[in-house]
Amino acid sequence: MPDVNLHVEDITRVEGHGDIVLNVKQGKIEELRLEITESPRFYESMILGRRWDEVTHITCRICGICSIGHTSASLQAVEAALGIQISQQTLLMRQLAFCGETLQSHVLHVYYLVAPDLLGVPSVLPLVETHKEVVIMALRLKRLANDLCAVIAGRHIHPCAMKVKCFPHVPRKDDLRALRERLVASMDDLMDSVSLLKTLQLPQVEREMEFVSLYHPDEYALYRGTEMISSRGQRVTIPEYKQMFSEYVVAHSHAKHAATERGSYMVGALARFNNNHRQLRPRALEVATALGLESGCMNPFMNNVAQVVECVQCTLDAIEILDKLCDLELVLEDPTVEVKAGRGVGASEVPRGQLIHDYTFNDEGLVTEANLVIPTGQNLNNIERDMHAFVPGILDRSQDEIRQFLEMLVRAYDPCISCATHLLRVKFV
Amino acid sequence: MKPTVAVFSFTGCEGCSLAILECENELLDVLNLVQLVRWREAMTETAQEFDIALVDGSISTHHDVKKVKQIRELCKLLVPIGACAHNAGLNALKNRYGMGQVKETVYGDAGAQFDTIPACPVSAVVPIDFALPGCPIDRGEFVRTVRDLCLGKTPRLPTYPICVECKKKENVCVFFQGKFCMGPVTRAGCGAICPTYGDGCEGCRGFVDDPNQNAHKETLAEYGLTAREVMQHFDMFNSYDDRLP
Ligand code: SF4
Ligand code: SF4
Ligand code: SF4
């Protein structure tokens with residue numbers, strides 16, 4: 001068996017900068033690392049001393065892809081700290097924007113970043129020639145998801161209309177009805193993509209893993225959760241999240257790693273599916289079955305299938321929310337807030353997994369302490385464990401195939417490396 | 001021959017390169033105009049030569065400095081896109097602290113291993129040909145800019161403030177609701193999207209040329225404010241700019 005010396009610099013088709021290092025001598029792995037080389041951004045120094053009403057607009061800029069997710073977790077944290085209850089109207093609007101973002105991110109990831117691997121091309125560009133209808137369909141789905149975000153939140157990247165307590169504008173019912181029609185029509189596109197996916201082959205590998213996600217008793221947890229649960233059976237309330245796992249710094253990564261008592265764990269679409277599949281809509285479950293995804297699935301590559309299942313879930317959720325919003329008398333709500341000292345934790349299931357914002361404010365409403373736990377950071381340890389488990393089985397292949405396999409594995413997790421380096425962990429007086 | 005284009009990301013959220021992908025309706029037209037040859041976020045191909053380099057993110061490590069200098073050598077036109085690349089954007093908020101302190105705050109004792117320098121715009125390190133402002137960039141402005149660059153024209157930014165666009169949309173001024181707005185001193189071009197959705201402008205597109213002269217006096221007069229007072233209020237996106245009082 002030939003030795004392997006791989007250094008993949010700047011893994012492509014992921015957000016952010018990461019390298020893979022693999023050295024194998026005489027069939028033995030000597031070095032195997034996923035290095036996160038992204039420049040750290042130091043968000044904590046940016047938000048310390050910032051006002052309660054500014055902090056969300058700063059932290060939503062941690063990530064361009066899931067800025068609505070960061071906004072959601074951040075607003076929940078601020079509201080928990082200040083003891084603010086939001087109205088049904090605001091909750092529905094936030095959940096709708098969240099559906100839009102999840103759809104947009106999953107479509108982007110599955111079609112633009114992962115599909116080229118499965119179709120044997122280096123990027124989506126050659127597909128414009130060979131699979132034009134698929135590319136146009138993906139563009140159409142993404143456009144719809146963006147428009148959904150825009151009607152509610154102003155725009156998808158860094159939503160300007162999501163504020164503490166309420167929205168500063170009221171959406172027009174005509175716009176809501178138009179979106180509803182387009183969503184209903186988009187189910188055909190989604191089903192076409194399911195048919196396409198059925199013809200593609202994902203790597204078949206498995207490893208015993210732990211899955212961690214949020215849980216909400218009344219819904220498939222996305223925008224919010226009441227607890228954090230693990231496939232091992234452990235459950236904690238959101239403010240106690242530190243009892244579920246701990247974070248630590250490793251020398252080769254600008255992003256912190258995380259582990260539960262058992263060790264590494266996976267977060268994201270597959271974790272949500274495994275933990276909460278009973279709460280999915282029947283149509284979404286049907287799609288899972290059609291694509292061979294069953295609960296307890298331990299193949300990380302199936303994360304992309306779980307993303308497609310969630311696209312169906314989010315589309316149907318969005319249609320239902322739009323109906324509810326159209327039935328409500330939408331009003332411009334009073335934004336007044338009483339500022340006080342306190343700590344609040346907010347948590348959302350962003351496309352890549354559970355995201356936690358934890359802020360402490362002083363009695364002037366200024367941030368004195370903050371902690372952010374980012375999904376990719378939580379997954380990094382698990383991706384490395386996967387690599388250690390799967391590499392011995394493919395050492396007989398060419399270096400190129402091994403490299404391709406490792407890159408595909410990283411991409412299957414949909415890592416958002418640029419945000420992973422923006423962890424906040426502040427101890428301050 | 002279509003001009004070749006490469007996209008690079010430095011310290012930022014990559015929202016600006018994502019915004020390119022969000023030009024869904026125009027994306028195929030843009031691809032008719034230019035040939036994309038390198039873009040880590042979207043493709044595996046890695047061309048070593050290209051006519052236009054689009055760069056998002058601030059320069060905030062020694063590694064960034066080295067890499068942006070290399071890119072400058074490789075391209076004919078270098079165009080920073082987005083607030084981070086244009087005027088250091090949000091990233092400059094960390095500059096007010098010592099770099100040792102920011103490392104310790106995030107990573108504790110392990111912080112010493114990380115490379116970080118005060119965040120700066122691309123133009124502080126290499127000469128640039130044009131910069132697109134905004135956090136994120138405006139899609140329409142992006143498509144127009146690419147078109148202009150392909151035609152050999154120099155793209156232009158509006159010279160008037162956000163208020164002009166805001167008044168055109170017949171928005172009720174948010175000052176009227178007791179909110180604050182950077183619109184009078186901020187360069188237009190986003191269609192006043194934030195005030196249109198009922199929120200104040202945060203100034204992500206940077207100041208108009210000479211904000212003291214060219215601020216929207218009418219709006220300021222209505223609320224008895226000076227340009228300086230408005231500029232002092234929000235340093236979120238403009239803390240690198242030495243015009244901030
Ligand atoms: S300017 Fe804004 S959207 Fe663009 S990279 Fe920077 S933070 Fe992201
Ligand atoms: S101050 Fe702001 S809200 Fe008022 S007119 Fe100017 S841009 Fe519009
Ligand atoms: S209104 Fe202001 S903050 Fe909003 S996008 Fe335009 S320039 Fe940026």
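The values are calculated or read from the model by the stated rules, or taken from the named source; none is laboratory data. Computed from a predicted structure; not experimentally measured. Every residue, glycine as well, gets a Cβ built from its backbone with ideal geometry; the counts of neighbours run over all protein chains shown. Keep in mind that these areas ignore ligands, DNA and RNA; they rest on the heavy atoms of the full protein, side chains included. Shrake-Rupley method; radii C 1.70, N 1.55, O 1.52, S 1.80 Å.
What's the buried accessible area, both sides, between B and A using a 1.4 Å probe, rounded to 100 Å²?
Summed over both sides, the interface buries about 5300 Å².
Give me, ordered by chain and number, the residues 5 or more places off A:GLU31 or on other chains with an amide H under 5 Å from its own placed amide H.
A:ASN23
Calculate how many DSSP beta bridges within chain B are antiparallel, expressed in % of all such bridges and rounded to the nearest 5.
Close to 25 percent.
In nm, give the distance between the simple-model label positions of A:HIS388 and A:ARG283, each being 7 Å from the Cα along the Cα-to-Cβ direction.
4.4 nm
Which of the pairs A:LYS165/B:LYS179; A:LYS340/B:LYS179; A:LYS165/A:LYS324; A:LYS142/B:LYS168; A:LYS142/B:LYS67 have their Cα atoms more than 22 Å apart in this structure?
Flagged as over cut-off: A:LYS142/B:LYS168; A:LYS142/B:LYS67.
Using the Cα centre of the stretch B:138-193 as the reference point, and only Cβ charges (+1 on K/R, -1 on D/E), how large is the resulting charge dipole? Debye, rounded to the nearest 20.
Rounded to the nearest 20 debye, it is 80 debye.
Given the options A:THR71, B:CYS163, A:LEU372, identify the residue whose Cα lies farthest towards the positive end of the charge dipole of the protein assembly as shown (+1 on Cβ of Lys, Arg; -1 on Cβ of Asp, Glu).
The residue sitting most towards the positive pole is B:CYS163.
What does the accessible area per residue of the stretch B:1-83 come to in Å², with a 1.4 Å probe and no ligands, DNA or RNA counted?
Details: 2990 Å² over 83 residues.
It amounts to 36 Å² per residue over the stretch B:1-83.
Which one, A:PRO122, A:PRO335, A:PRO375, has the greatest fluctuation when you compute a Gaussian network model over chain A with C-alpha springs under 10 angstrom?
Comparing A:PRO122, A:PRO335, A:PRO375 in the GNM, the peak value goes to A:PRO335.
Considering only protein heavy atoms, what per residue accessible area in square angstrom results for chain A with a 1.4 angstrom probe?
For chain A, the per-residue accessible area is 34 Å².
For the protein assembly as shown, give the magnitude of the charge dipole about the Cα centre (Cβ charges: +1 Lys/Arg, -1 Asp/Glu; no others), in debye to the nearest 20. Walk me through the intermediate numbers first.
Working: 68 positive and 87 negative charges, 119 e Å.
So the dipole magnitude of the protein assembly as shown works out to roughly 580 debye.
Give the value in nm², to one decimal: projected area of the alpha carbon convex hull of the protein assembly as shown, averaged over all directions.
27.6 nm²
Pick out the long, greasy-scoring helices in chain A: whole DSSP H runs spanning 18 Å or more along their own axis by Cα, mean Kyte-Doolittle at least 0.0.
Numbers: long enough: A:67-82 (22 Å, 0.61); A:88-107 (28 Å, 0.03); A:132-153 (31 Å, 0.96); A:173-198 (38 Å, -0.23); A:303-327 (36 Å, 0.49); A:375-390 (22 Å, -1.04); A:399-412 (19 Å, -0.26).
Membrane-span-like by this criterion, though nothing is claimed about a membrane: A:67-82, A:88-107, A:132-153, A:303-327.
So for chain A, taking the charge dipole from beta-carbon charges (+1 Lys/Arg, -1 Asp/Glu), which of A:THR260, A:GLY83, A:ASN274 sits furthest toward the positive end?
Sorting the options by dipole projection puts first A:GLY83.
Just tell me how shielded B:20-28 is by partners: mean number of partner chain Cβ atoms within 10 Å of each residue's Cβ, no decimals.
Mean inter-chain Cβ contacts per residue within 10 Å come to 5.
Would you calculate, for chain A, the mean residue ellipticity at 222 nm contributed by helices, counting each DSSP H stretch of 4 or more residues as -39,500 (n - 2.57) and dividing by all residues, to the nearest 500?
-13500 deg cm²/dmol
Rounded to a whole number, what % of the accessible area of the stretch A:113-227 do carbon and sulfur atoms account for, probe 1.4 Å?
So the carbon and sulfur contribution to the accessible surface is 51 percent.
What is the stretch B:1-48 by shape, rounded, prolate or oblate, if you read a ≥ b ≥ c off the alpha carbon gyration tensor as root eigenvalues and call it rounded for a/c under 1.5, prolate for a/b larger than b/c, and oblate otherwise?
Oblate, since a/c reaches 1.5 and b/c is not below a/b.
Using the Cα gyration tensor of the stretch A:261-354, with a ≥ b ≥ c the square roots of its eigenvalues, what is the shape: rounded (a/c below 1.5), prolate (a/b larger than b/c) or oblate (neither)?
Here the stretch A:261-354 falls in the oblate category.
Averaged over B:83-94, how many beta carbons belonging to a partner chain fall within 10 Å of each residue's beta carbon? Numbers along the way, then the final one.
Values: counts 1, 2, 0, 0, 0, 0, 1, 8, 6, 1, 9, 7.
Counting other chains' Cβ atoms within 10 Å and averaging over B:83-94 gives 3.
Hey, got the dipole for the stretch A:148-252? About the Cα centre, +1 on K and R Cβ, -1 on D and E Cβ, debye to the nearest 20?
Charge dipole, the stretch A:148-252, about its Cα centre: 500 debye, nearest 20.
Using Cα springs under 10 Å in a Gaussian network model of chain B, which residue among B:ASP209, B:ASP138, B:ASP235 shows the largest mean-square fluctuation?
Per the Cα network of chain B with a 10 Å cutoff, B:ASP209 tops the list.
For an R0 of 51 angstrom, estimate the FRET efficiency from the Cβ-Cβ distance between A:VAL170 and A:LYS25 and round to the nearest 0.05.
0.20
Taking the mean number of other Cβ atoms within 10 Å as a proxy for protection, how do you rank B:181-189, A:275-283 from highest to lowest? Show your work: numbers first, answer last.
On the way: B:181-189: 26.4, A:275-283: 16.3.
Packing order, densest peptide first, comes out as B:181-189, A:275-283.
Of A:SER186, A:SER45, A:SER72, which has the largest mean-square fluctuation in a 10 Å C-alpha GNM of chain A?
Taking springs between Cα atoms under 10 Å, the residue moving most is A:SER45.
Hey, got the average number of other protein chain Cβ atoms within 10 angstrom for residues in B:58-67?
Details: counts 2, 1, 4, 5, 0, 3, 1, 0, 0, 0.
Average neighbour count from other chains, rounded to a whole number: 2.
Between rounded, prolate and oblate, where does the stretch A:102-195 land on the alpha carbon gyration tensor, with a ≥ b ≥ c its root eigenvalues, rounded for a/c under 1.5, else prolate if a/b exceeds b/c?
In terms of gyration-tensor shape, prolate.
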